[in-house]
Every structure is written in structure tokens, then in C-alpha cells.
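The values are calculated or read from the model by the stated rules, or taken from the named source; none is laboratory data. Computed from a prediction, not measured in an experiment: that's the story for all the values here. For neighbour counting, all protein chains shown are included, and Cβ atoms are generated from backbone atoms with ideal geometry for every residue, glycine included.
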Amino acid sequence: MVRRAVYPGTFDPITLGHVDVVMRGLKLVDELVIGVAENPGKGPMFDLDTRLNMVRAVFVAQPRVKVVAFKGLLVDLAHEQQAQAVLRGLRAASDFEYEFQMAAMNRRLDAEIESVFVMAREDYTFVSSRFIREISAMGGDVKALIPEVVIPYLEAANRAN
Ligand code: PNS
């Protein structure tokens, strides 16, 4: 059996915290499917195609990672991808409540899918896509917190605004 997990997120944009979670996840499974959620409700800064392109560019040399877009339920994506688990990263206690609710709801929707959590590297516990967007829009330097391929995307988005 191929051990496969889906790692869902909005990735608006992908950060080094996300990359760290992927690398930890790859120690646990054979294949990881990164599900980039459309999430229009979140009013993302980058459209779905741009977020997909950024995530694909980050993992272009990683054959055990596949990147897909998804619009519906996470449990449906897990089924489609024949994944046994959902992977999420935990940064701090403040993440716990939301993650706990989401995992409980997903279990309610499909008891076969396990939620698995990895703890992000200490250096990234304070990194979030929201802070990256906010700080870079105000001219702050976030280059050490995002993958190199994301830098030109952020610069272009800030020039356009
Ligand atoms: O990185 P994010 O923005 O916290 O990711 C949130 C995401 C995409 C994991 C969440 O919004 C999601 O799972 N969306 C799919 C819809 C769904 O399945 N909802 C029911 C689970 S609570």
C-alpha cells in the first residue's frame, strides 16, 4: 500500500513554514498531495492559478510531491487522491482550537481519514501567510521567511497595488 496524505491549505502565499511541514510529512508518507484550496471566502491576495504555480515551483524537484487545486470538501479530495490521512502543521497553542475543530469535523464527514499534525520548526512558529502579505505590502523584508521563487510574485503583487 502506498502511504499517501493530503496537505491542504490556502498558501496565499506559501511560506517556509509550509515547506517545513511538507518536508516533515515526507518522512511519514510515501507521497504527499498538496491541495491548494480555492477558498474565495478568504479573499486571497493571489488567485488560485498563481498560488498553484508558486507551490509547484517550490517542489518542482520533489518527485514524491504532487500539487493539485481543490474547490470542494477536503475529505472528497482525500478520497479522490486515495489518501489515508490529512497533514497539517501546528505552530502554537493558538492554532489548536481551529485545527481541532477542523479535524473533528473531517472525522465526522469521513471516519476513515486520519488527521496527522506535525510541529513546525521553532524558527517558523510566528510565520503566517497573513503576516507575510501584510509586512511585504508595507515595505518590510520577508525574504528569509518565504521560498526564493515566491519573492518575485510578492514584489509584483505589491507593485500592482
Ligand atoms: O491554510 P488554511 O487557509 O488554514 O487552510 C484551510 C483549509 C483549506 C484546510 C480549509 O479551509 C478546508 O479544508 N477547506 C475545504 C472545505 C472543507 O472541507 N471544509 C470542512 C472542514 S472544516
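What residue, among those in the stretch 30-43 that are touching a residue at least 12 places away in the same chain (Cβ under 8 Å) and surrounded by fewer than 20 Cβ atoms within 10 Å (Cβ to Cβ), is farthest from Asn106 (Cα to Cα)?
Let us first name the residues in the stretch 30-43 that are touching a residue at least 12 places away in the same chain (Cβ under 8 Å), namely 30-39, 42.
In the following step, the residues that additionally are surrounded by fewer than 20 Cβ atoms within 10 Å (Cβ to Cβ) were identified as 30-31, 38-39, 42.
Values: Asp30: 22, Glu31: 21, Glu38: 18, Asn39: 17, Lys42: 20 Å.
Selected residue: Asp30.
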> For the stretch 1-53, what are the residues that are over 12 Å from the mean Cα position of the chain (by Cα), modelled with pLDDT of 95 or more and among the basic types (Lys, Arg)?
Replying inline: Arg3, Arg4, Arg24, Lys27
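Suppose we keep only residues that are within 16 Å of the ligand (Cβ to nearest atom) and not aromatic (Phe, Trp, Tyr) within the stretch 129-144. Which one would you say is nearest to Ala85 (Cα to Cα)?
So the first thing to find is which residues in the stretch 129-144 are within 16 Å of the ligand (Cβ to nearest atom), and the list is 129-134.
If we keep only those that are not aromatic (Phe, Trp, Tyr) too, we end up with 129-130, 132-134.
Details: Ser129: 24, Arg130: 26, Ile132: 28, Arg133: 29, Glu134: 32 Å.
Once the filter is applied, the top-ranked residue is Ser129.
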> Which of the residues spanning the stretch 96-118 are modelled with pLDDT of 95 or more and among the hydrophobic types (A, V, I, L, M, F, W, C)?
Replying inline: Phe100, Met102, Ala103, Ala104, Met105, Leu109, Ala111, Ile113, Val116, Phe117, Val118
> Looking only at the stretch 1-26, which residues are within 11 Å of the ligand (Cβ to nearest atom) and assigned to a helix (DSSP H, G or I)?
Replying inline: Gly17, His18, Val21
> Among the numbered criteria (1) farther than 23 Å from Glu31 by Cα; (2) away from the ligand (no atom under 14 Å from the Cβ), which single criterion is violated by Pro147?
Replying inline: (1)
>> Looking at (1) assigned to a loop (DSSP other than H, G, I, E, B); (2) within 13 Å of the ligand (Cβ to nearest atom); (3) among the β-branched types (Val, Ile, Thr), which one does Val29 not meet, given that it meets all the others?
In response: (2)
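Residues of the stretch 84-128 being part of a strand (DSSP E or B) and either among the basic types (Lys, Arg) or more than 11 Å from the ligand (Cβ to nearest atom) (or both), which ones?
We begin by selecting, within the stretch 84-128, every residue part of a strand (DSSP E or B); these are 85-90, 114-119.
Within the stretch 84-128, Ala85, Arg88, Leu90, Glu114, Val116, Phe117, Val118, Met119 meet the criteria.
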